[in-house]
1. Spin-label point model (7 Å from Cα, Cβ direction): what's the B:ASP201 to A:VAL512 distance in nm?
2. How high is the FRET efficiency between A:ALA565 and A:ARG537 when r is their beta carbon distance and R₀ equals 35 Å, given to the nearest 0.05?
3. Which peptide among C:249-257, B:298-306, C:45-53, C:197-205 comes first, and what is the full order, when sorted by highest mean count of other Cβ atoms within 10 Å?
4. Looking at this model, which pairs from A:LYS458/A:LYS503; B:LYS84/C:LYS77; A:LYS103/C:LYS75; C:LYS29/C:LYS82; B:LYS321/C:LYS82; A:LYS103/B:LYS110 are more than 26 angstrom apart at the alpha-carbon?
5. Magnitude of the Cβ-charge dipole of region B:3-48, K/R +1 and D/E -1, about the Cα centre, nearest 20 debye?
6. So in region C:1-85, what percent of DSSP beta bridges are antiparallel if you round to the nearest 5?
7. At a Förster distance of 41 Å, what's the computed FRET efficiency of C:GLN36 paired with A:GLU487, Cβ-Cβ distance as r, to 0.05?
8. For A:GLU316 and A:SER200, compute 0.36 nm times the residue count separating them, minus their Cα-Cα distance, and round to one decimal in nm.
Amino acid sequence: MAEYLIKNGHVFDPVQHIKGDRKDIAVKDGKIVETSALSPAAKQIDVKGKSVMAGAMEIHAHVAGPKVNLGRWYRPEDKLFDSHKTPGMTRIEGGKSIPTVFKTGYEYARMGYTFAMEAAMPPLYARHVHEEIHDTPIIDEAALPVFGNNWFMLEYLKNHEIENNAAYVAWTLNQTKGYGIKIVNPGGTEAWAWGLNCLSVNDPVPYFDITPAEIITGLIETNEYLGLPHSIHIHGNNLGNPGCYQTTLDTLKLAEGFKAKNNFGRKQVMHQTHLQFHSYGGDNWGNFESKAKEVMDYVNKQDNLTIDTGNVTLDETTTMTADGPFEHHLGGLNHLKWANVDVELETAAGVVPYIYSPDIKVCAIQWAIGLELALYAKDPMRCFITTDHPNAGPFTRYPRVIKWLMSKKARDERLNTFKHADKVIAATTLAEIDREITLYELAAMTRAGPAASLGLGKDYGGLKPGMNADIAIYNINPDKMPSDPEEIEKAFSGVAYLFKDGKICVKDGTVVDNGNKRTFWVDVKVKANKQVAHDVREKFLKYYSINEANYSVPDSYAPHPYVIAVDATQ
Amino acid sequence: MPKVVTDVTCPFCGTLCDDLEVTVSDDNKKILSVRNACAIGAEKFNHTSLPGRVTRPRMRQPDGTFKEITYDEAIDWTANMLVKSKKTLMYGWASTSCQAMSVGHEIAEKVGGVVDNCATVCHGSSLIAIQDVGIPSCTLGEVKNRADRVVFWGCNPAHAHPRHMSRYSIFPRGFFTVKGHKGRKIYCVDCRYTDTARCADEFIQVQQGHDYELLNAFRTAARGEALPDVIGGVPKEKIYQVVEELKGGRFGVIFFGMGLTHTLGRNHNIDIAISFTRDMNDLMKFSIIAMRGHWNVTGSGQVLSWQYGFPYAVDLSRRSKARYQTGETTSVDLLVRNEVEACFNIATDPGAHFPIDSVISMSKKPTVTVDPHINMSTEISDIHIPVAMVGVETGGCAYRMDNVPIETRKVVDAPDGMLTDVELLTKINTRVDQLMGAQ
Amino acid sequence: MKTVTLTVKQAPDLYLECENITPDTFAGKKADEIAQLPAYQGKEDTTLGEYFTIAGEAGATAAETQIILKGDCSKMKYIGIKMTAGEVIVNSSTDMYTGGWMKGGKLVVKGDVHSFCGLGMEGGEFLIEGNAGNYLGASYRGDWRGMQGGIIRVKGNVGSDVCTFMNGGELIVEGNADVHIATHAEGGRIVIKGDVNRRVGGQMVKGEVIVFGKIGLMMPGFKFIKDVDLEVDGTKARFAEYIGDLGERHPTRKGEPVYGKIFLKK
């Protein structure tokens, strides 16, 4: 396999604490190696004046699955005058807020990403998720099955049967080729099957009579009992409502006292996702305000939490989430087309288009909150950049989000030109923040941090010899940082080079190779559990609408698997 | 010893029952019996070894008869047709696997095809409505476990989806519905008294072509507004009564079919039914589900959507973009307006389903039909290429009417030497590459 | 104003995609440059010069450019699409998308137009001397933002799905209309001097439809309020005013709902 010597670049690697020094990076047989391990035949690539980082890792995006696809086909207008073919080894691409799978792979790669986590996989539809993952080029992917409203889990955790719950989770991860435990609006989405909701961590779930707090702590215990590579990944209750930051603090506090138990270097027991949507103060849209500082004060004090931002990009986009009742509520607010699917025994999903207009005060405040969260983060290894794609904005806007984080000038310009700038400034603290994220911090927030949180820190997220050769090289020179912030956005929009598994897949922003993407999933071994086997058999016979034997996703759907084996049989 | 294959998915209708048990001969060549399927599903399996099965491609001769040719000859002719044509209709897909569709789309993108599926003459109207107003919906298991108000509007599952009522919508005892049909109120709205109406608690006869007006009246009644005396043949008192009864339930669902998709207004009829469902969600839980016909038309919609962003009528003829406009890029319109130069049919029978003007138009263009059977489309085609029956002789992914993906299995071997859809399309793809590379 | 004249010299085998025949694309170009502009038929990439003889030259800007089309354009699609200014006059019928997403200027078709014409119109004047097909002035599939502004005038009849999701602007039809007029409208005004088959204002949130002839069947969601005297397009008459669609949601002003309106001439 090809050998490369990437010379003279400015390396940003939080794993090795390299903060922009000029270093050579050597690639051989798909891995990063010591430069001394290369033969004279190695191809030399001079990246003088450019920044070198590990491939970026998307920890939370909705890119593959039934609700993503529903969003695609029910919004033909998202592709009007937009579907196109770009030069390179590409298929037709399209979709401004919900890209087709080809566009998804190419656009992530063009921005230097090498991994994406599909944020929510309904287990009954797992096969669909994997079909889309299989068709998405270049980037490695994984998917998180949702457990927060699952009937098996609700019954086991009501009686605090952790071992049974763990056996069921292990079984589901195996059946669905899933990566970890995702929780969306715990209990509330089961309540939504009756048109109800759980808006606080203490609201009991109808019939099942268990609270979100019990669900969350039970799943933390389950996760650590199994020793999974990732922690629970949670979208908490009461998303999107004025005043919801209280519910968020109640949710985060449930992690207190728990310690991570795993062989993957993971330190957190809870990953709270798209925190922007959960950091609202006030009690109505009129006095709506940012509570980012209060929330980050708490997050900064803990050492067992990671978060991702969920930055609003001020675009027309499409919201989609397993928080079914929230989507119904949003559809009632903006009267746009609302789609909903309740999934038997497991979860639900809702989709509603949304326009984050800079002329609307609330949208501008949401924009500010997303940035505040990142700028208040004390440890960039625990705070990751996302847009909860496509909920707060399309992932293709990451270069713009980076621009706002790295340039106070750029974000002040945006802030001061809002239609209701005075009100927005009064309701937020962004104007007072001088901090500008550095390239080194950015590498932590988009590479090393997410990799560690996912339990992949040994092989991904860094440039240490032995790690996988996923490398992104940007046209940005730390010694000659551009004075025009637009140049930052431009630099992160198209890599000079993207190496995936040691192969050049993108050159000068053009796709030159589709690589050999892999599907990551976690295979957990637990002791044989008669109770759970019985419960599974019974529920399939009586309540599911398909047969147990037809539930699992065969290996043919993940032809290039990256399987992480976990032994939880002790 | 014959063996029994269990958990088999039936490849006929959108109900996609996956509990069939098929007994197969020891040498894996013959189906001996089928259990649990309805009459239609059983026939799908049983007819595979009937005499007269075509196992090799055949080409129309100048005198109108067909002569057997080899797969290679058929593949070469097809690839030449595709490469030469400025714009080709590639229609069907509804009875094959998602894996096959994927290969077909690669070909369409290269040769400038319009990829369309059976929704174009079936639930396309429903898809258009969902594109305009969204859809509150659920999986069939939710209906089984929760629904206590079930409305069949313009559909007749007793005939078209025979096991639907016993597996999901009327009779099953679910987690919250332990009384089965005794705990449900069933309504049937139709212009005629069908066998499904016979299973309902209440039959509402609507004047043909007045469903949109009747649904408008339902919405108006639900908002407590005044109504004229009679709408679509239904007295206003009945409308108020039914709306009140629906509101008294906990979980309602509307199933609908061609009665809405194919009567005056088409997509508007489903649009307003969805709007009614959405209105009801302010008061209780309400869902609506389309009774999809072919067992994998939903799958074709899914694959086209994740690859190009549109569920059917996807115009790839410019090869640099995907475009969609039902009424322009839909098969019947393309044929009637003579906007395509060649036709490639696979896994369905447009000759039987399309309006006669479009069939005549197709018969005048170079046409290839890929299907295990001799059917009306093959008889107007230049070449008929038979393939293994998907879901019986080869497996692959399929999507149920509620979009749940279920695997179909290979149960018996196909006749010797026959290709599967995936194999055939892959060979056509390779030949297209060779021809286009030589240009 | 400078004029470019295109005369059809051969009919396309299928249909010709003429998205480049607009004052905006022609502006600043001479005849030979215009002849080189791309046109498309399926996967065949061709030029305007293959299908038209081209005489004259364009103005420096769209506003200073007039385009005249001679010969049979009934198989030409997308003429005048997205134009912002200037004039396009077609001396025959045209196919689909004529005047689609028009923002300004004047477009005249001396014949019939097919379907999806004037889609998502934002401004300008579109005059059709013959009949129009379906989806005149409607929104693109799935888009809740339909016609925003401008005026379309049809001397003949129109088909179905007229002005779906209309938000603004005006349509005046001298002849008859088929079914589904102003479905899902949230603004705008439609005047039909002839008869309408059925389904006027279905799921209408706001907007106005004025019918001089008969409506085959009034939607049950519309309620008669009172008689009014109106002057419409130069004619004074008495109309019955209906409000609705009562089955649909409506915005409120000062606590009172604002309905859509149908005025039916008495």
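A short reminder: the numbers here are calculations on the coordinates, not readings from a lab. These numbers were taken from a predicted model, which means no experiment stands behind them. Don't worry about glycine lacking a Cβ; one is built from the backbone with ideal geometry, like all the others, and counts go over all protein chains shown.
1. It is 6.9 nm.
2. Numbers: r = 26 Å, r/R0 = 0.74.
Calculated value: 0.85.
3. Numbers: C:249-257: 9.9, B:298-306: 28.7, C:45-53: 17.6, C:197-205: 26.2.
Top to bottom by mean Cβ count within 10 Å: B:298-306, C:197-205, C:45-53, C:249-257.
4. Numbers: A:LYS458/A:LYS503 20 Å; B:LYS84/C:LYS77 23 Å; A:LYS103/C:LYS75 33 Å; C:LYS29/C:LYS82 18 Å; B:LYS321/C:LYS82 19 Å; A:LYS103/B:LYS110 17 Å.
Violating the 26 Å Cα-Cα cut-off are A:LYS103/C:LYS75.
5. On the way: 5 positive and 7 negative charges, 34 e Å.
Dipole of region B:3-48, to the nearest 20 debye: 160 debye.
6. Numbers: 11 of 19 bridges.
Beta bridges within region C:1-85, antiparallel portion: roughly 60 percent.
7. Numbers: r = 36 Å, r/R0 = 0.88.
Rounded to the nearest 0.05, the efficiency is 0.70.
8. Values: separation 116, 0.36 × 116 = 41.76 nm, distance 2.98 nm.
Fully extending the segment from A:GLU316 to A:SER200 adds 38.8 nm.
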